[in-house]
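Heads up: the structure comes next, in structure tokens.
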2 protein chains.
Amino acid sequence: MSRAKARAALLGELEEAMRRSSAQGVLYGQAVANVAGIANSDLECMDILYLEGRVTAGRLAEVTGLTTGAITGVVDRLEKAGLVRRERDEHDRRKVFISVIPETGAKIGELYVPMQQAMEKVFSAYSDEELRLLLRFANEGYKGVLAATTALKGLLDTPPEKRPQLKLKKHPRQT
Amino acid sequence: MSRAKARAALLGELEEAMRRSSAQGVLYGQAVANVAGIANSDLECMDILYLEGRVTAGRLAEVTGLTTGAITGVVDRLEKAGLVRRERDEHDRRKVFISVIPETGAKIGELYVPMQQAMEKVFSAYSDEELRLLLRFANEGYKGVLAATTALKGLLDTPPEKRPQLKLKKHPRQT
DNA sequence: ATATATATCTTAGTCACTAAGAGATTTAGT
DNA sequence: ACTAAATCTCTTAGTGACTAAGATATATAT
């Protein structure tokens, strides 16, 4: 096999492996929501709250891409489940801050522990230098996917006949 | 900073970077479904059809975790959109095989091209050996996530007081 | 002051999903 | 062969999360 072909094969395997693991990641998230007894978007909002801390309802809508009306429902459900609290902003009384109630919110955090343990185990087999490579890739991959998302959405605004002709590379293994 | 602390920091960064990029991957998928004008699960089924080729309705239900009733709806919509075709199995006439209609199905494939191009660009900066490391990690990561999913679901069957005590490691940056 | 803008919530309607069971076909037991 | 049980898909009724549009309350600008 030529060097170029070997690399192409490697890239193909890599693409499939990454697709598979990312799909499994999605399934893990669904399982978490399922076990927690909350909807998928509700969990997504909990994640955002963990990452960003106290945020407004509008911010949740912005980040999730849901309408503000949908967020009202999300927060209602999370509040009823005792996971978050609504607090009016005293400086701008139109705004509503949402924050996690630590005790109950922590129970959601626990559900990520199996994942963290599994990943710790995987990571333990790598040297610091190897981990740095993985980190570099994760960051660059993120930027790549972000750019791809933007490009894809751009296609929507471009009339079909003006779209850059994409050489169609089919998904592997159409049996 | 001690060697151990440096590594812990590295692991933390890695965890966050991977979480972010995988979240962005989900968003890309949603954008694809959005542009294609089909529901999320519909796209998931198209992906499975690309990966596995001609499969039965029951198999789609099994892989997606949806009920067979839901799959009937998925296939109805995909069929109406001209993306797939139903074919009764002649050997077992209860079964219905679903297969992608190549011409229209290829249009969905095109929507993944921006992603493939972006990733190709990212990958181009890595040596073959580095890519092999990434591949190894992707495969091991997949197994890890899979194991974590199983472990998580196992928690459901274990009465709360019998669950292995998980040392709670909170999500980063609860601001 | 009045108008405009902003932030959240409400309402009505839609759509994908589940649970339960119906129909069609195949497989197993006698 | 004949009946019963199992298997596979579809149908039906009901639920829940979502959107679009507009109501409400508060803040900002003229």
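With point charges of +1 on the Cβ of Lys and Arg and -1 on the Cβ of Asp and Glu, referenced to the Cα centre of chain B, which listed residue (B:T64, B:C45, B:A147) lies farthest in the positive direction of the dipole? Towards the positive end, the residue furthest out is B:A147. For chain B, treating each Cα as an identical point scatterer without solvent, what Debye log10 I(q)/I(0) comes out at q = 0.11 1/Å? Cα-only, vacuum Debye calculation for chain B: -0.72. Placing a pseudo-label 7 Å from each Cα along the Cα-to-Cβ vector at B:E87 and A:K143 gives an inter-label distance of 4.6 nm.
Our summary gives chain A a relative contact order of 13 percent, counting only alpha carbon pairs under 8 angstrom and 6 or more residues apart. Summed over all non-identical Cα pairs, the Kirkwood treatment of the range B:1-95 gives a radius of 16.0 Å. Note on B:S99 and A:K5: their simple-model spin labels are 2.9 nm apart, each label 7 Å out from Cα toward Cβ. Rg and Dmax over the alpha-carbon atoms of the range B:59-121 stand at 14.7, 47 Å. Among the listed pairs A:K153/B:K143; B:K95/B:K153; A:K5/B:K121; A:K121/B:K153; A:K95/A:K153, those whose Cα-Cα separation exceeds 25 Å are A:K153/B:K143; B:K95/B:K153; A:K95/A:K153. Across the range B:107-155, Cα-Cα pairs more than 14 Å apart make up 69 percent of the total. Comparing B:T104, B:T72, B:T149 in a Gaussian network model of chain B, where Cα atoms under 10 Å apart are tied by springs, the biggest mean-square fluctuation is seen for B:T149. Solvent-accessible area lost on pairing A with B (1.4 Å probe, both sides summed) amounts to about 7800 Å². Ranking B:A31, B:G82, B:A8 by Cα position along the charge dipole of the range B:3-125, where only Lys, Arg, Asp and Glu carry charges on their C-beta atoms, puts B:A8 farthest toward the positive end.
The three principal axes of the C-alpha atoms in the protein assembly as shown carry coordinate ranges of 60, 48, 46 Å, sorted with the longest axis first. Given a Förster distance of 25 angstrom, what is the FRET efficiency for A:E130 paired with B:L27, based on the Cβ-Cβ distance and rounded to 0.05? Result of the calculation: an efficiency of 0.35.
The helix-only estimate of mean residue ellipticity at 222 nm for the protein assembly as shown, built from DSSP H runs of length n ≥ 4 each weighted as -39500 (n - 2.57), is -22500 deg cm²/dmol after division by the residue total. Shown for B:A70: label points 7 Å from Cα along the beta-carbon vector, and their distances to the equivalent points in the other copies, 1.7 nm in ascending order. Once the Cα-Cα distance is subtracted from the 0.36 nm per residue extended length, the A:V35 to A:K80 segment shows a gain of 14.5 nm.
The values are calculated or read from the model by the stated rules, or taken from the named source; none is laboratory data. Here the structure is a predicted model, which means the values were calculated and not measured. Here the Cβ is made from the backbone with ideal geometry for all residues, glycine too, and neighbour counts use every protein chain on show. The accessibility values were calculated without ligands, DNA or RNA, using every heavy atom of the protein model including side chains. Shrake-Rupley method; radii C 1.70, N 1.55, O 1.52, S 1.80 Å.
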